[in-house]
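Notes follow once the structure below has been shown.
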There are 2 protein chains.
Amino acid sequence: MMCEANVYMVDREGNEKLIIESVDKVISEGKNITLENIFSQKMTVKARIKEMALVAHRIILEDND
Amino acid sequence: MMCEANVYMVDREGNEKLIIESVDKVISEGKNITLENIFSQKMTVKARIKEMALVAHRIILEDND
């Protein structure tokens with residue numbers, strides 16, 4: 001494993017759901033975040049970054065309503 | 001090096017300035033971002049995450065005015 005991270009969406013109750021693994025690039029534009037992993041899979045979600053723990057390879061997103 | 005990242009602030013002209021190295025944890029709250037590195041140094045900045053390239057150990061912040 002290199003330094004990519006797994007990305008989770010957390011809901012209002014604090015439950016985390018893995019949405020994409022092994023993400024390298026993250027681009028935030030307006031209310032959207034585009035995630036691209038090391039396999040060149042891309043995903044755009046309407047969310048904001050809540051927190052990250054890079055050594056643990058974790059990025060937590062939350063709804064931005 | 002583990003999977004921490006160096007954090008840069010970019011200005012409107014696109015110039016990047018390194019503000020803190022070896023960041024592990026990033027917490028976003030309102031208009032502020034708190035950064036904590038592997039040496040337990042903490043910094044809070046008024047900014048938003050613009051983009052990240054984790055394999056390259058880079059996080060780019062921008063002013064959120």
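Per residue, the protein assembly as shown exposes an accessible area of 57 Å² to a 1.4 Å probe, with every protein chain left in place. Look at the dipole of chain B built from charges on Cβ: of B:VAL7, B:ASN32, B:ILE20, the Cα furthest out on the positive end belongs to B:ASN32. Straight-line reach from A:LYS25: taking Cα to Cα under 17 Å and skipping same-chain neighbours fewer than 8 places apart, the aspartates and glutamates in range are A:GLU4, A:GLU36, A:GLU51, B:GLU4, B:ASP24, B:GLU51, B:GLU62.
Accessible area lost on pairing A with B, both sides, 1.4 Å probe, Å² to nearest 100? Result for this pair: about 1800 Å² buried. Remark: chain B carries a charge dipole of roughly 120 debye about the Cα centre, counting +1 on each Lys and Arg Cβ and -1 on each Asp and Glu Cβ. Of all chain B residues, the closest to the B-onto-A rotation axis by Cβ, with that distance in whole Å, is B:CYS3, 2. Longer than 24 Å from Cα to Cα, which of A:LYS50/B:LYS42; A:LYS42/B:LYS46; A:LYS50/B:LYS50; A:LYS17/B:LYS42 are they? Say none if no pair is. With Cα atoms farther than 24 Å apart: A:LYS42/B:LYS46; A:LYS17/B:LYS42. Over what distance in Å are the Cα centres of segment B:1-53 and segment A:38-56 separated? The distance from the Cα centre of segment B:1-53 to that of segment A:38-56 comes to 15 Å. Working from the Cα coordinates of the protein assembly as shown, the gyration tensor eigenvalues give, after taking √(5λ), semi-axes of 20, 17, 15 Å in decreasing order.
Only protein atoms count toward the accessible area here, which uses a 1.4 Å probe; on chain B, the carbon and sulfur part of that area reaches 47 percent.
Name the residues of segment B:16-30 whose amide N is less than 16 Å from a point 7 angstrom out from the Cα of B:SER40 along the C-beta direction? Correct set: B:24-25. Seen from every direction in turn and averaged, the convex hull around the alpha carbons of chain A projects onto 4.2 nm².
The values are calculated or read from the model by the stated rules, or taken from the named source; none is laboratory data. Model, not experiment: these values are computed from the prediction. For neighbour counting, all protein chains shown are included, and Cβ atoms are generated from backbone atoms with ideal geometry for every residue, glycine included. Note: areas computed on protein heavy atoms with side chains; ligands, DNA, RNA excluded. Shrake-Rupley method; radii C 1.70, N 1.55, O 1.52, S 1.80 Å.
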